[in-house]
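K.L.:
What follows is a single structure, and I will ask about it in a moment.
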Amino acid sequence: MIKPSNITLLCVVFFISVFPVSLKSQDSSRSITLDHKPKLSGEVYNFSMRSTGEDYYLDGDWQRGDVLLVSDKKVRDKLIKYNTYLDELIWMSEESYKRVKVDKSLVKEFTIDLPDRAEPVVFKNIEMDKSSGSDKKSNYLEKLYKGDISLMAHRRVTIASERLVSSGGSLHSLPRLRSRPKFYIVKPGNQVYEVERFSRRALYRIFSDKRSEIRAAFRDERLRIRDENDLIRAVSLIDEIL
Amino acid sequence: MKEFINALVATFFIYIIFPGCLVSQSQTFDNDLRENVYVQTDRDIYMAGEYLHFKSHLLNDNDKDLSSSYIYLTLKSENEIISSVTVPVKDDNSGGSVYLYDTLSTGYYEIIANTNWMKNQGEDSYFRKPVLIVNRFDEQPQIFSREVAEPDDMQVYIKPESQNFLKGHDNRVLIKTEGSFNAPSRDVWILDQNNDTIKNTKLNAHGFSEFVIAPDSAANYYALIDGIDKQYKLPETTNDGCLLKVDQENNILHIKILSAGESPPIEWLRIINGDNVVYEKNIGERYFTTDININKNNIPKGLLSIEAGNHNEGRINQRFWYNDIEDNSIIKLLTDQENYGARDKIGLTIDGSLMQDDNASLSLSVVKKESVANNNLTFDGYIRSLNIANAFGYNQQKAASLFGNMKTDDLNSYLIKMEGKETFGDNNKHNSSNDYYMETAGLILSGKVTDKKSSEPVSDARVILNTPDTIINILYSKTDDNGRFNFVLSDFYYDKELYFIVDHGTVESETIIEVDDKFLHESSYDHDRFVLSKEQFDFIKKSQDILTVNRAYGFDYVSETITEKKPESHPSVMFSNARRVIYPGNFVPLDSLPEISREIVHPWRIRLRDGEYNSSLICASTGNRFPEPPVYFLDGIITYDINKLIHLDSKMIEKIQVHNYPWMYGEIYFPGIIGIFTKNNEYLNILDHRKNTSMLKESISEPVEFEGPEYKENKKNDYSKPDLRVVLHWDNDVTINKGKTKNINFFAGDLKGDYYIKLQGITSEGKPVNINKPLKIK
């Protein structure tokens, strides 16, 4: 017959053998090499705007992404989002939870994982001049197509209208935001041309020296340019011709 | 239930009483990658005022394709570092030159080479090699050859290969001298009790030799060494014992085993390499001679234990043997003539047509024979010594000094002396620390933060690094549990002063930052001296005059290497553009920083309170004052103390960058930044106590190339300028590809006599190449 004291002893032996607790574990494995981890820098960011219509962040939530700096060093796996109204990259520090507007002049491009896209989306920091229709010094443009020529989109959000609303006994302006992307073609040598509208003629104007070949290709493919996808297809056709 | 609770309580108390239960397994590091370095120099004996040319090879056999990108080479006297050089490594090798200052005293120096990773292995894994440097102004240079001890101080070991001296059978016997008596090349006679010479031999350059003798049972035998009156008795002859005799002929290992007299029978032969049995043969119960022949290529290269035994008693006899597989990477070195005259063109052909390995990376040195020491390290000897050190757990350095200049035949004779070792395997496997990283990308700067009062390491301290510049640059690193930090530096930081500080936001107490000195070596100089001949002593005297002549003519036979300058990497900048930049020179002169802030930098206020200055800044985004004072950068270097900067006036300041935004750099928050850039490097006066002046000030030296003269046939006899070169040619980048030949031409000088053509290096399969060919200039 098993006595209570035997049971106690068995339990003790069981605990000691089954639970080899290690409260002070040694870090016996460590990386052999060390990589330099570049850092993001920028202004602590407190922007917020009551608005209706489109969200002024591309896809609202924080997403994981990488940022390539002008030093060609990549900052990896950070929580970022793109403010389409300000055209700024926002980063959240996971240590302090501070939101930071990343110093734009130090960014070459960033890549962001968006839930509705199969591939990470790449935004490049492109210097614009007045001839390309922008009054900003540089813009983040989404890369839609990359070949010898590139098709980029400026995912800007602008104030379409404003109305006055009463809140807390005072009147406030409530803007209504609308997405109004602009499209650009970047030729070799970083020449940037705005695609003024969804039309074949807009492309003939940019590639005037190859007009007839392009026209023939569009005809063969029965391509009409009505939306962004048609534009991407058209640019890829033009790239093949060039 | 009650028993269950009792058991829990009991277990708890057991863990309290025996806390060892709670600590996990003993601290072993799985970062056991080993690296070694070998350095070839153009010669071994130099004059102060000449260049020492070298090529270094990185040796590692890890399967992770990881290897260091930098080697640290130091030239050291007994007491101090003379020169230190950081040498970038490409394809596991690198080269360079060290200038030997005119003022160096005559004596032995050592070259030490290591990588950052090798610091985990300990200093005894570093490469070390002695060189002799003579000062040309030394009229009586005190050059000591190996000390000549009294014969009575000498130890003599006589040991049979089989441990027994078996009657009637051929016994190989090792005779070895120790004690620095000038034993090499002395004759040895083996006498019987009637003083008849039955054998004679000669001690080799290392002071030992072997001979084979079949003794009679009743006889006594003695060894007599030339120059020593004493006779040394050989072991007593015995009828009983196990004979184990190993010979090698071409690629075949001949092993003879015999069990004689009352000795137990031999039933098996095993060959062991490390932890593995690589050959085993059951030979049945044998009492008579058994001959076993094994192809060397069928057993691993390296140190082997050849053992004979039986199933009852286990190992009965053992013999260590170094299996050096015949070098199939045959490289031939040919000259276009037998002899040459002064200033003749010398054509060399390096013939790799029979090479088995894909290529070989070599250095070529053509030097006066007397400038080469006979007993210095060789590449193949060094690799063998590493093998032996690992097998027996020897200090690598000591093994290199013992075995590093021994040929395989001599080594196998020496191994007769080694008795059965319990530890035979990969004994130097585990690294003693894992504090240091392998530098595969940029240079790594590491160090430690300790508390100033308690000297305890401080963990989680953020160490900030800046270098003085016209832009605010910043790197930071956090200390680990051992208080250690590491920075990977881009070439922007090379050859620059580095300033360190611990971020006040992470540590409250006063701390000390110590940066690791990569050229610090704790172990002291301990080298055997060269065995110098009379000709070498004479050559040294002559070389002093030769150098004087060369200096008078301005000859150094080197030229600067023109390397394509890579654009410097971008620094890690705090911001791209400051919000505002103010040039005090554009305003009325102001006498101090508080005046400057008040008059021309409006968001910035400096006030004196209770004898100390405090400052504040207005935020550009909100218009409100930051609750904390801004962070200051003086000439690009961070400082938190405005009081040290108060005296700066308009005349001293070039510009002030005001970046009054709440700013993040990585995980560091800055409540506004003020960058003050002075006209005359005021940081030197104000912040100099924080400077670290180590390693990177010497980083990545620009190499020089050897350049010998060329003579056109009609100008050959123009002796208006003498050509007294001791080094006729040096090239540290000779690559031979499989099946190809390479021709190299250079010119003889005016110094007649004997030279060595030394071709050294390693093949792509890790086989050392060591060819020494004589050359005569008549």
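The values are calculated or read from the model by the stated rules, or taken from the named source; none is laboratory data. Since we're looking at a predicted model, the values are computed, not measured. Quick reminder, even Gly has a Cβ in these numbers, built from the backbone with ideal geometry, and neighbours come from all protein chains shown. Keep in mind that these areas ignore ligands, DNA and RNA; they rest on the heavy atoms of the full protein, side chains included. Shrake-Rupley method; radii C 1.70, N 1.55, O 1.52, S 1.80 Å.
K.L.:
So which residues in the stretch A:229-242 are part of a helix (DSSP H, G or I) and over 23 Å from the mean Cα position of the chain (by Cα), if there are any at all?
P.N.:
Selection gives A:A234, A:L237, A:I238, A:D239, A:E240, A:I241.
K.L.:
Filter the stretch A:79-111 down to the residues that are within 11 Å of chain B (Cβ to nearest Cβ), β-branched (V, I, T) and closer than 15 Å to B:W663 by Cβ and list them by number.
P.N.:
Matches in the stretch A:79-111: A:V100, A:V102.
K.L.:
Return the residues of the stretch B:337-350 that are over 22 Å from B:D42 (Cβ atoms) and open to solvent by 30 Å² or more (accessible area, probe 1.4 Å); say none if nothing qualifies.
P.N.:
Filtering the stretch B:337-350 for residues over 22 Å from B:D42 (Cβ atoms) gives B:337-339, B:341.
The answer is B:Q337, B:E338, B:N339.
K.L.:
Among the listed residues A:V75, A:V67, which satisfies the condition of being in contact (Cβ under 8 Å) with a residue 40 or more places away in the chain, under 29 Å from B:L445 (Cα atoms) and within 13 Å of chain B (Cβ to nearest Cβ)?
P.N.:
Working: A:V75 fails: in contact (Cβ under 8 Å) with a residue 40 or more places away in the chain.
Criteria check complete, one pass: A:V67.
K.L.:
Further question: Does B:K90 meet the test of being touching a His at 6+ places or on another chain (Cβ under 8 Å) and basic (K, R)?
P.N.:
No; evaluated as a whole, the condition is false for this residue.
K.L.:
Within the stretch B:605-617, how many residues are in contact with a strand residue (DSSP E or B) (Cβ under 6 Å, 6 or more places away or on another chain) and open to solvent by 50 Å² or more (accessible area, probe 1.4 Å)?
P.N.:
4
K.L.:
So, B:R484, is that one basic (K, R) and within 14 Å of chain A (Cβ to nearest Cβ) or not?
P.N.:
yes
K.L.:
If you don't mind, there's one more thing I want to ask. Among the residues of the stretch B:470-482, what is the count of those that are surrounded by fewer than 20 Cβ atoms within 10 Å (Cβ to Cβ) and in contact with a strand residue (DSSP E or B) (Cβ under 7 Å, 6 or more places away or on another chain)?
P.N.:
Matching residues across the stretch B:470-482 total 4.
K.L.:
List the strands (runs of 3 or more DSSP E) that sit entirely inside the stretch A:128-228 and contain at least 1 residues that are at pLDDT below 85 and hydroxyl-bearing (S, T, Y).
P.N.:
Details: elements: A:138-146, A:150-154, A:157-167, A:170-179, A:182-187, A:191-195.
Once the strands (runs of 3 or more DSSP E) in the stretch A:128-228 are filtered for at least 1 residues that are at pLDDT below 85 and hydroxyl-bearing (S, T, Y), what remains is A:157-167, A:170-179.
K.L.:
Continuing with the same structure: Does B:L224 meet the test of being modelled with pLDDT of 90 or more and more than 30 Å from B:K55 (Cβ to Cβ)?
P.N.:
yes
Results for (1) over 18 Å from A:R156 (Cα atoms); (2) buried (at least 18 other Cβ atoms within 10 Å of the Cβ), shown as yes or no for each residue.
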{"residue": "A:L34", "(1), (2)": "yes, yes"}
{"residue": "A:K37", "(1), (2)": "yes, no"}
{"residue": "A:S48", "(1), (2)": "no, no"}
{"residue": "A:Y56", "(1), (2)": "no, yes"}
{"residue": "A:R64", "(1), (2)": "yes, no"}
{"residue": "A:K78", "(1), (2)": "yes, yes"}
{"residue": "A:E95", "(1), (2)": "yes, no"}
{"residue": "A:R99", "(1), (2)": "yes, yes"}
{"residue": "A:P115", "(1), (2)": "yes, no"}
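K.L.:
Within the stretch B:436-459, can one find any residue that is within 14 Å of chain A (Cβ to nearest Cβ), modelled with pLDDT of 90 or more, outside any strand (DSSP E or B) and open to solvent by less than 20 Å² (accessible area, probe 1.4 Å)?
P.N.:
Within the stretch B:436-459, one or more residues are within 14 Å of chain A (Cβ to nearest Cβ), modelled with pLDDT of 90 or more, outside any strand (DSSP E or B) and open to solvent by less than 20 Å² (accessible area, probe 1.4 Å).
K.L.:
Looking for whichever is in the same structural domain as A:Y140 (by TED's automatic domain parsing) and out of contact with any Lys or Arg (no Cβ under 8 Å at 6 or more places or on another chain) here; the options are A:Y85, A:Y97, A:Y57. Which one fits?
P.N.:
On the way: A:Y85 fails: out of contact with any Lys or Arg (no Cβ under 8 Å at 6 or more places or on another chain); A:Y57 fails: out of contact with any Lys or Arg (no Cβ under 8 Å at 6 or more places or on another chain).
The match here is A:Y97.
K.L.:
Take the residues in the stretch B:351-374 that are of a type in the set (G, A, S) and closer than 24 Å to B:Q536 by Cβ; name whichever of them is surrounded by the fewest Cβ atoms within 10 Å (Cβ to Cβ).
P.N.:
Here the residue is B:A373.
K.L.:
Moving on. Taking B:N412 as meeting all but one of (1) at pLDDT 90 or above; (2) closer than 25 Å to B:S533 by Cβ; (3) not hydroxyl-bearing (S, T, Y), write down the number of the exception.
P.N.:
So B:N412 meets the others, but not (2).
K.L.:
When the stretch B:354-372 is examined, which residues are found to be closer than 30 Å to B:E705 by Cα and at pLDDT below 90?
P.N.:
Passing the criteria: B:M355, B:D357.
K.L.:
With respect to B:K202, determine if the residue is touching a residue at least 12 places away in the same chain (Cβ under 8 Å), open to solvent by less than 30 Å² (accessible area, probe 1.4 Å) and within 15 Å of B:L174 (Cβ to Cβ). If you could, list the steps in order and put the result at the bottom.
P.N.:
Details: touching a residue at least 12 places away in the same chain (Cβ under 8 Å): yes; open to solvent by less than 30 Å² (accessible area, probe 1.4 Å): no; within 15 Å of B:L174 (Cβ to Cβ): yes.
Spelling it out, it is not the case that B:K202 is touching a residue at least 12 places away in the same chain (Cβ under 8 Å), open to solvent by less than 30 Å² (accessible area, probe 1.4 Å) and within 15 Å of B:L174 (Cβ to Cβ).
K.L.:
Continuing with this model, one more query. If you take the residues of the stretch B:680-697 that are over 25 Å from B:P629 (Cβ atoms) and either touching a helix residue (DSSP H, G or I) at 6+ places or on another chain (Cβ under 8 Å) or surrounded by fewer than 19 Cβ atoms within 10 Å (Cβ to Cβ) (or both), which of them is modelled with the lowest pLDDT?
P.N.:
Residue satisfying both the conditions and the ranking: B:S694.
K.L.:
Report yes if B:I388 is open to solvent by less than 40 Å² (accessible area, probe 1.4 Å) and modelled with pLDDT of 90 or more, otherwise no.
P.N.:
no
K.L.:
Still on this model: Which residue pairs have Cβ atoms closer than 9 Å, lie 6 or more positions apart in sequence or on different chains, and pair a first residue in the stretch B:182-199 that is more than 30 Å from B:K534 (Cα to Cα) with a second residue that is at pLDDT below 90 and aromatic (F, W, Y)?
P.N.:
none
K.L.:
Next question, about the same structure. Just checking: which of the strands (runs of 3 or more DSSP E) contained wholly in the stretch B:553-652 hold 3 or more residues that are in contact (Cβ under 8 Å) with a residue 60 or more places away in the chain and under 45 Å from the mean Cα position of the chain (by Cα)?
P.N.:
B:558-560, B:637-639
K.L.:
So, in the stretch B:438-454, how many residues would count as being in contact (Cβ under 8 Å) with a residue 24 or more places away in the chain and over 27 Å from B:S69 (Cα atoms)?
P.N.:
4
K.L.:
Now for a separate question. When the stretch B:63-81 is examined, which residues are found to be surrounded by fewer than 18 Cβ atoms within 10 Å (Cβ to Cβ) and either touching a Cys at 6+ places or on another chain (Cβ under 6 Å) or not in a loop (DSSP other than H, G, I, E, B) (or both)?
P.N.:
Of everything in the stretch B:63-81, just one residue is surrounded by fewer than 18 Cβ atoms within 10 Å (Cβ to Cβ) and either touching a Cys at 6+ places or on another chain (Cβ under 6 Å) or not in a loop (DSSP other than H, G, I, E, B) (or both), namely B:I81.
K.L.:
Across the stretch B:264-317, what is the number of residues that are open to solvent by less than 20 Å² (accessible area, probe 1.4 Å) and not in a loop (DSSP other than H, G, I, E, B)?
P.N.:
19
K.L.:
Being modelled with pLDDT under 95 and in contact with an Asp or Glu (Cβ under 9 Å, 6 or more places away or on another chain), is that true of even one residue in the stretch A:44-53?
P.N.:
Scanning the stretch A:44-53, I find at least one residue that is modelled with pLDDT under 95 and in contact with an Asp or Glu (Cβ under 9 Å, 6 or more places away or on another chain), so the answer is yes.
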